[in-house]
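Working notes, beginning with the structure itself.
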Amino acid sequence: MIQRPRVPLPAQVELAGVNLSIQVNHCKTPDCANFGVPARTEQGKTGPSKDRDMNYKVHSTAKGQIPSIKCKSCGLNPPMKSNAGVADEVVRLLGVDGIPRPEESMGCSNAECASHARPFAAHPKLYWRRGKVDGAQCWQCKSCGRRTLASSPVRLHQRHRALAADMLSRVANKAPGRRASRGAGLKSTASYYPIVNFLLARCRERNGAVDRALMDGRLRLPRDMALESDCQVYTLNWISRLDRRNVELSAQCTVDAESRFILGMHSNFDAEADPFAVNAEAARIGDMDAPEPFRKHARHWLAGDELKAGRAMSRSVIHKQALARQIEALYAQAETRADVENIELQHHNETFLTPFMRNGLQVHMPYTSYAHWMLLQRILKGAGVRRVQASMDIDSMNRAAFLAAFKDEVRQGNAHAFFVRYDKYKTVDERRAIKEEGNRRRRAFAKTLPPEARKDLDEVHRRMMQARLPTARPFGKWRDLWVEHPAPTLNEPHKAVCWITPHQSVTEGRKADLHLRAGLARIDNVFQMTRRLFNAFERPVGTSSGHNAVWHGYSPYNPAMVQTYLTIFRAVNNWAHISEKDGKTPAMRLGLAKRPLAYEDILWPGQRVPRPKRSRRKGMRMAA
């Protein structure tokens, strides 16, 4: 019997030429002495010994189901995660965003050649350059003479190339598949998905090129950035008539608060995985008998795992409570989970939400979140960002992933994370009343200040926050300190914030500015646009014949379409959609573009745009 390590071993992954060592099994309490210090992986002797781990002991969660490490300094026990699973998910997200260049993964296509599968970029002396086709480099092998095009394998029929830009404008502006096909003049709706696959490939190339330039430092971002991150759930139609359970996929998105530029948008579905092959291998090697952190396929939902997942408490029930009760309920909900970082392992009834997939596999959301933040950390560091502030909803998974990815920056006081909560279920009149009440409190507080400080609105808010910080209220077993925001807005009424990465080097004025800066309005707006601009993400409607049951009329049956539409939305939102307020795109606000891109520019960058052939209209002549 092979003895498994005490804690999952570290994993290695390459991010844009930088080798990253991944070890997420460490204390995640920022003010603890063991924060970021990895647990020892080798097994030691039982009982007291010289080689024992002085910082952690192997433990289990409160429910006794998930292996964890217990910090000997702060007493908290974060659940273990598979570092190899996180590394595999990072590689998957790199492919989802199109960051690796084709030259880095493609080589000679002749299976009998000695240069087969040797990448062009890593072995340039084995190939000749032979011109370009549609902007893609053509390589010729020196051994066998075969020519290979280093590009995405997606091709588009000649008669559809001139319609691609029109289809992109329709897909990105809420046209259903059948209506978009007819409006663009396609002869059959069967051509819809090949065109969408072409749109996906070109949008992925656009996103990947920008991310790669940010990682390499060829494009720069502001030195101080405020990010907002959250997860959204998308409900799909059932896959089989024999199992009519709707599939629920989650997607994590992070945006720049100032420009609303989407830095990452990833769903927890691996479309490249073969569910039958993965489950067969898992059964053969005994993966199902091993704890999740020590599995080879730890990040995937395997057959039988759906028995551990249940539908969580309705968020609307929590939203309709008072703000303090909402925060208490969310903390209490997190404490009931066997794995505090996994929102998918929460029972409130016996309705399970992970039916068996026929094409692809669902990924445990914590692994997607860890990979999401590690990818963003590499992008921000390469683009010259020195100070980061991240705002997120009350979510232990998001918090743990951020602290694991930015542990060095948190230690230095250059990365800060905030929980944010506000009343979402308020009418417009109630929001206006809350804002007016906040303005009255501000005017009353300003009268107590010196005359020179009353004129500056930012200074008044800063001093109001400084006065409220000592009155922060602790919540949950983690004793997180929450304080009410002094400046409610129509988008965020009754807002409260919690600083989850306190650092002693931060001054009182800087601390107040960080609390004032925290918010979720921009990420909520981005999620709202995904639902408003794509029919596949629109919320379902109730049906009277089904006794108020919901019908997902426009939801896709193929789970891979979720990431397809999200990738297209990210490219169009960042580069093409302009705001009515300032007439700029998010890329223009960040200084990454000088003008909005047309749909043709996204699909045919630096290339000749295909135009439809002129044809004579067919019809009866008008009578004289």
Residues (aliphatic (A, V, I, L, M) and either over 18 Å from residue 214 (Cα atoms) or out of contact with any Ser or Thr (no Cβ under 6 Å at 6 or more places or on another chain) (or both)) located in segment 578-594: 578, 587, 588, 592, 593
Look through 462, 432, 443 and report the one residue that is closer than 20 Å to residue 514 by Cβ and of a type outside the set (Asp, Glu). 462
Here the qualifying pairs (Cβ atoms under 7 Å; residues six or more apart or on different chains; first in segment 419-444 and closer than 24 Å to residue 227 by Cα and touching a residue at least 40 places away in the same chain (Cβ under 8 Å); second polar (S, T, N, Q) and in a helix (DSSP H, G or I)) come out as 421/326
Return the pair list, or none, for Cβ contacts closer than 8 Å from residues in segment 578-600 that are more than 24 Å from residue 380 (Cβ to Cβ) to residues that are hydrophobic (A, V, I, L, M, F, W, C) and assigned to a loop (DSSP other than H, G, I, E, B), at least 6 apart or on different chains. 596/576; 596/578; 598/576; 599/172; 599/576; 600/609
Would you check which residues across segment 51-98 are under 30 Å from residue 560 (Cα atoms), in a loop (DSSP other than H, G, I, E, B) and not polar (S, T, N, Q) and list them? 66, 80, 81, 97, 98
With the structure loaded, tell me whether residue 76 is farther than 21 Å from residue 375 by Cβ, modelled with pLDDT of 85 or more and touching a helix residue (DSSP H, G or I) at 6+ places or on another chain (Cβ under 9 Å) or whether it fails that test. no
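Out of 40, 4, I need the residue that is exposed (fewer than 15 other Cβ atoms within 10 Å of the Cβ), in the same structural domain as residue 80 (by TED's automatic domain parsing) and part of a loop (DSSP other than H, G, I, E, B). Which one?
Numbers: 40 fails: exposed (fewer than 15 other Cβ atoms within 10 Å of the Cβ).
Going through 40, 4 in turn, the sole match is 4.
Residue by residue, here is whether (1) within 30 Å of residue 234 (Cβ to Cβ); (2) in contact with a Lys or Arg (Cβ under 7 Å, 6 or more places away or on another chain); (3) assigned to a helix (DSSP H, G or I) holds:
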residue	(1), (2), (3)
439	no, no, yes
462	no, no, yes
514	no, no, yes
522	yes, yes, yes
528	yes, no, yes
Examine segment 16-34 for a residue that is over 24 Å from residue 503 (Cβ atoms) and either more than 25 Å from the chain's Cα centre (by Cα) or assigned to a loop (DSSP other than H, G, I, E, B) (or both), and state whether such a residue exists. yes
Suppose we keep only residues that are modelled with pLDDT under 90 and among the aliphatic types (A, V, I, L, M) within segment 14-33. Which one would you say is surrounded by the fewest Cβ atoms within 10 Å (Cβ to Cβ)? 18
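Hey, does segment 340-348 have a residue that's in contact with a Pro (Cβ under 6 Å, 6 or more places away or on another chain), under 24 Å from residue 226 (Cα atoms), at pLDDT below 90 and assigned by TED's automatic domain parsing to the domain that holds residue 250?
Initially, segment 340-348 is screened for residues in contact with a Pro (Cβ under 6 Å, 6 or more places away or on another chain), giving 341-342.
Then keep just the ones that are under 24 Å from residue 226 (Cα atoms); that gives 341.
Next cut, at pLDDT below 90 only: 341.
Of the ones still in play, those that are also assigned by TED's automatic domain parsing to the domain that holds residue 250 are 341.
Checked segment 340-348: at least one residue is in contact with a Pro (Cβ under 6 Å, 6 or more places away or on another chain), under 24 Å from residue 226 (Cα atoms), at pLDDT below 90 and assigned by TED's automatic domain parsing to the domain that holds residue 250.
Would you confirm whether any residue within segment 592-603 is aromatic (Phe, Trp, Tyr), within 29 Å of residue 419 (Cβ to Cβ), touching a helix residue (DSSP H, G or I) at 6+ places or on another chain (Cβ under 6 Å) and modelled with pLDDT of 75 or more? Before the answer, list the steps.
If we filter segment 592-603 for residues that are aromatic (Phe, Trp, Tyr), which is where we start, we get 599.
Still in the running and within 29 Å of residue 419 (Cβ to Cβ): none.
Within segment 592-603, not a single residue is aromatic (Phe, Trp, Tyr), within 29 Å of residue 419 (Cβ to Cβ), touching a helix residue (DSSP H, G or I) at 6+ places or on another chain (Cβ under 6 Å) and modelled with pLDDT of 75 or more.
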Restricting the search to segment 380-394, which residues are within 19 Å of residue 24 (Cβ to Cβ) and of a type outside the set (D, E, K, R)? 380, 388, 390, 392
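Can you pull out every residue in segment 102-143 that is of a type in the set (Ser, Thr, Tyr) and either more than 24 Å from residue 603 (Cβ to Cβ) or assigned to a loop (DSSP other than H, G, I, E, B) (or both)?
The answer is 109, 115, 127, 143.
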Go over the candidates 448, 489 one by one and state the one that is surrounded by fewer than 18 Cβ atoms within 10 Å (Cβ to Cβ) and under 28 Å from the mean Cα position of the chain (by Cα). 489
Residues of segment 395-418 classified as surrounded by fewer than 23 Cβ atoms within 10 Å (Cβ to Cβ), closer than 24 Å to residue 268 by Cβ and in contact with a Lys or Arg (Cβ under 7 Å, 6 or more places away or on another chain), total: 1
Collect the residues in segment 144-180 that are assigned to a helix (DSSP H, G or I), surrounded by 15 or more Cβ atoms within 10 Å (Cβ to Cβ) and not small (Gly, Ala, Ser), keeping them in residue-number order. 160, 161, 166, 167, 168, 170, 171
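The values are calculated or read from the model by the stated rules, or taken from the named source; none is laboratory data. Please read these numbers as outputs of a predicted model, since none were measured by experiment. Because the Cβ atoms are built from the backbone with ideal geometry, glycine has one as well, and the counts that use them run over all protein chains shown.
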